[in-house]
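Beneath this line is the structure, given in structure tokens, with notes to follow.
The values are calculated or read from the model by the stated rules, or taken from the named source; none is laboratory data. What you see is a predicted model; the values in this text were computed from it and never measured. Quick reminder, even Gly has a Cβ in these numbers, built from the backbone with ideal geometry, and neighbours come from all protein chains shown. Each accessible area value is taken on the protein alone, full model and side chains, heavy atoms only, with ligands, DNA and RNA left out. Shrake-Rupley method; radii C 1.70, N 1.55, O 1.52, S 1.80 Å.
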Amino acid sequence: MSLRIAIIGNAMSTMVNFRAPLIRALVQSGHEVIAICPKGRAEDTVALAGTGARHVSLEGMSPRGLSPASEIRVLRHLTALLHDIRPDRVFAYFLKPVIWGSIAARRSGVPRCVGMIEGLGYAFSLPPAGRLRKLRQGLARLAILALLKVALRKIDHLIVLNRDDASLLLSYRLVSAARLTVLDGIGIDLDFYAPAPSHSSPVRFLLAARLIREKGIELFVAAAREVRKQYPDVRFRLLGGLDTQTEGLTVPLIESWVDEGLIEWPGQAEDVRPHLRESSVFVLPTLYREGLPRSTMEAMAMGRAVITSDMPGAKSSMTHGVSGLIVPAGNLDALVAACRFFCRTPSEIERMGLEAYAEAHRRYDLRRQNYQQIELIVN
């Protein structure tokens, strides 16, 4: 049975980077795919067209912000688009597209709507420093819970990427267990992220992430300062570009860390694989409520041991003591101790790296994860 499937996202870049394999699999199965998202860069437009999907522009669907007037406009526009397109299925991913997509799908009479929440994000992360920031986070949490209460009544099935998120949604009675699936990540191309021999002399730690405080960037740098006192040859590399839409880090601050000799900062990389090949251990000391971090999956697939925090999503991505180490979120002493462990026992870099590779192949095969998503969307 050939279906018309609308996929709703908040950016063309995420549609290309994270949904292209799913779109291709749907198209190859004989379905028509309409990608509903804001316009993107010229190269993203070409890449999206190459998947076989037809793009329909939805401006205003930003990843952040909850301005009531702009969000109502998005909902009205999306409802009108779905009414005109008349899809047989809607699949929405990320928090805001799930909220507005599920409501718009019901308003426009779509027979089946499936959503995927890839982490509950900032509103449900560790409380930030400062009274005003805590207040903003609390208000954001209340707003999101209120919107989810409305939206998830209208959704046919919801996918989350870790059991902590499933438990939270069930505890608030936002969705029933019968309409909820925990998917072990969206998967990665295991052939693309081929394993490489790890380095242990000197030990090299790598953090690749958006340069926002919630990802634990400052903790990583502070750990570098402490570890290098005892192991001056150890290297710490920070990979990522500035995030101008949040209260992110600044170029002068990052360059001051480079000038101090604490870290290397090549900036944003289109391809993380060369940096993973040059690394010993991947570090993600996140304070953020993740879904299942793609960066960790990629590192594990290339045979890298992982240090990460015990935040929901991050702690689910690997196995403590087997494929890496899990430390308490925000605890600098624990992060330093984990880094020193690998400096002191470099044989564990290779052992845990091999275990990480095996775990990635058990859990993160893209084809298997796509099949599970397609089954939930289509049936």
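Scanning segment 41-67 for residues that are touching a strand residue (DSSP E or B) at 6+ places or on another chain (Cβ under 9 Å), in a loop (DSSP other than H, G, I, E, B) and either open to solvent by 60 Å² or more (accessible area, probe 1.4 Å) or farther than 27 Å from residue 143 by Cα (or both) turns up 51, 52, 53.
Of all residues in segment 68-80, at least one satisfies being touching a strand residue (DSSP E or B) at 6+ places or on another chain (Cβ under 8 Å), of a type in the set (A, V, I, L, M) and outside any loop (DSSP other than H, G, I, E, B). Just so you know, in segment 83-94 the residues that are surrounded by fewer than 24 Cβ atoms within 10 Å (Cβ to Cβ) and among the hydrophobic types (A, V, I, L, M, F, W, C) include one that is nearest to residue 144 (Cα to Cα), and it is 94.
Sub-9 Å Cβ pairs linking a first residue in segment 205-232 that is under 11 Å from residue 249 (Cβ atoms) and free of Cβ contacts under 8 Å to residues at least 24 places away in the same chain to a second residue that is open to solvent by 10 Å² or more (accessible area, probe 1.4 Å) and aromatic (Phe, Trp, Tyr), at least 6 apart or interchain, number zero.
Does residue 36 satisfy being within 22 Å of residue 291 (Cβ to Cβ), modelled with pLDDT of 95 or more, open to solvent by less than 70 Å² (accessible area, probe 1.4 Å) and not in a helix (DSSP H, G or I)?
Criteria met by residue 36.
I'd like to know if segment 234-253 contains one or more residues that are outside any strand (DSSP E or B) and more than 30 Å from residue 62 (Cα to Cα).
Yes, the conditions are met somewhere in segment 234-253.
A single entry from 70, 102 fulfils the requirement of being modelled with pLDDT under 95 and farther than 19 Å from residue 369 by Cα: 70.
Being among the charged types (D, E, K, R) and touching an Asp or Glu at 6+ places or on another chain (Cβ under 8 Å) is the requirement here; does residue 76 meet it? The answer is no for residue 76.
The set of residues from segment 109-129 being touching a Phe, Trp or Tyr at 6+ places or on another chain (Cβ under 9 Å), outside any strand (DSSP E or B) and not polar (S, T, N, Q) comprises 118, 119, 121, 122, 126, 128. Does residue 374 satisfy the condition of being in contact with a strand residue (DSSP E or B) (Cβ under 6 Å, 6 or more places away or on another chain), among the β-branched types (Val, Ile, Thr) and open to solvent by 10 Å² or more (accessible area, probe 1.4 Å)? Criteria not met by residue 374. Based on this model, can you work out whether residue 154 counts as part of a loop (DSSP other than H, G, I, E, B), basic (Lys, Arg) and closer than 29 Å to residue 21 by Cα? It is true that residue 154 is part of a loop (DSSP other than H, G, I, E, B), basic (Lys, Arg) and closer than 29 Å to residue 21 by Cα.
Considered as a group, the residues in segment 1-18 that are assigned to a helix (DSSP H, G or I) and in contact with a strand residue (DSSP E or B) (Cβ under 6 Å, 6 or more places away or on another chain) include one that is surrounded by the fewest Cβ atoms within 10 Å (Cβ to Cβ), and that residue is 12. Among residues of segment 11-36 that are more than 22 Å from residue 96 (Cβ to Cβ), those with a Cβ under 6 angstrom from a residue that is open to solvent by 20 Å² or more (accessible area, probe 1.4 Å) and assigned to a helix (DSSP H, G or I), sequence gap 6+ or separate chain, pair up as 21/366.
Filtering segment 342-352 to residues that are open to solvent by less than 50 Å² (accessible area, probe 1.4 Å) and assigned to a helix (DSSP H, G or I) leaves 342, 343, 348, 349, 352. If you go through segment 353-379 and keep only what is over 16 Å from residue 19 (Cα atoms), part of a helix (DSSP H, G or I) and free of Cβ contacts under 8 Å to residues at least 60 places away in the same chain, you end up with 354, 355, 356, 358, 359, 362. Within segment 281-298, can you find the residues that are modelled with pLDDT under 95 and acidic (Asp, Glu)? The one that is modelled with pLDDT under 95 and acidic (Asp, Glu): 290.
Residue check: residue 278 meets all listed conditions (1) open to solvent by 60 Å² or more (accessible area, probe 1.4 Å); (2) within 18 Å of residue 208 (Cβ to Cβ); (3) modelled with pLDDT under 95; (4) acidic (Asp, Glu) but one, namely (3).
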